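To start, the structure under review is shown below, and the notes come after it.
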Amino acid sequence: MTLPPTKAERMEIRKQLGNRSIPEPRVPPLHRGPDYLTAHACFACRKSWKLSEDSAAVCPQCGKYAHFMGRAFKAPKMSDKEQWKKVETLWLAGYRFFPNTGWREVEPYPDRLREVDGFIRCNPMHPFRVQD
């Protein structure tokens, strides 16, 4: 009495007959886009978008310049004019919004617009301030 072929043997027979096709390994397509998107904001529209650093920084809504804010920027609500004015004042003074994981002892940005002028005076060498 002969034993039936094992599963591996049956698979080999199917491969030889052409009844069993083995798919090629799936190679995912290479990522050709930017490494990451960064936040850009339009102060006129009070909106923020994640745009490529390679793309033209233009507001998609009004066509004005979209300002580079940094990777850690969290846009305020569109209706919160005070917070948008605070963000714009900080941006005009050279401050950007970067992740602060390595800078835990750095003074955080002010919460209110009325505190911004004092913050700028007291922190001229803040690590998140870009040099002109």
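The values are calculated or read from the model by the stated rules, or taken from the named source; none is laboratory data. What you are looking at is a predicted structure, and each value in this text was computed from that prediction instead of being measured. Cβ placement follows ideal geometry from the backbone for every residue including glycine, while neighbour counts extend to all protein chains displayed.
Things to note:
- Strands (runs of 3 or more DSSP E) fully within segment 9-77 counting 3 or more residues that are within 16 Å of the chain's Cα centre (by Cα) and modelled with pLDDT of 90 or more: none
- Unmet requirement for P99, which otherwise passes all of (1) within 20 Å of the chain's Cα centre (by Cα); (2) surrounded by 12 or more Cβ atoms within 10 Å (Cβ to Cβ); (3) under 17 Å from R129 (Cβ atoms): (2)
- Selection from segment 40-73 of residues that are small (G, A, S), on the phi > 0 side of the Ramachandran plot and touching a residue at least 12 places away in the same chain (Cβ under 8 Å): G70
- Some residue of segment 75-87 being over 13 Å from R46 (Cβ atoms), buried (at least 16 other Cβ atoms within 10 Å of the Cβ) and not basic (K, R): no
- Single unsatisfied condition, Q83 versus (1) closer than 22 Å to Q131 by Cβ; (2) touching a Pro at 6+ places or on another chain (Cβ under 6 Å); (3) not β-branched (V, I, T): (1)
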